[in-house]
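The values are calculated or read from the model by the stated rules, or taken from the named source; none is laboratory data. In this text, all values refer to a predicted model and were calculated from it rather than measured experimentally. Here the Cβ is made from the backbone with ideal geometry for all residues, glycine too, and neighbour counts use every protein chain on show.
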Amino acid sequence: MGAKTGAKTGAKTRAKTGAKTGVTTGAKTGAKTGAKTGAMTARTAMGTMIVMALS
């Protein structure tokens, strides 16, 4: 009985910790990717505006 309960509790705890870690990592990665994409988009928009202004 003790082993079963321990295994269940362990699995639950691991799942919870894994979810938390996943969310944190996901948020960090998302922020990095978002910043990169945003910078690239801004640069592209600036380039487009300059090209349009010159033409």
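Checking the stated criteria, Met52 turns out not to satisfy the condition of being at pLDDT below 90, out of contact with any helix residue (DSSP H, G or I) (no Cβ under 8 Å at 6 or more places or on another chain) and surrounded by 10 or more Cβ atoms within 10 Å (Cβ to Cβ). Report yes if some residue within the stretch 24-33 is at negative phi and exposed (fewer than 10 other Cβ atoms within 10 Å of the Cβ); otherwise report no. Taking every residue of the stretch 24-33 in turn, none turns out to be at negative phi and exposed (fewer than 10 other Cβ atoms within 10 Å of the Cβ).
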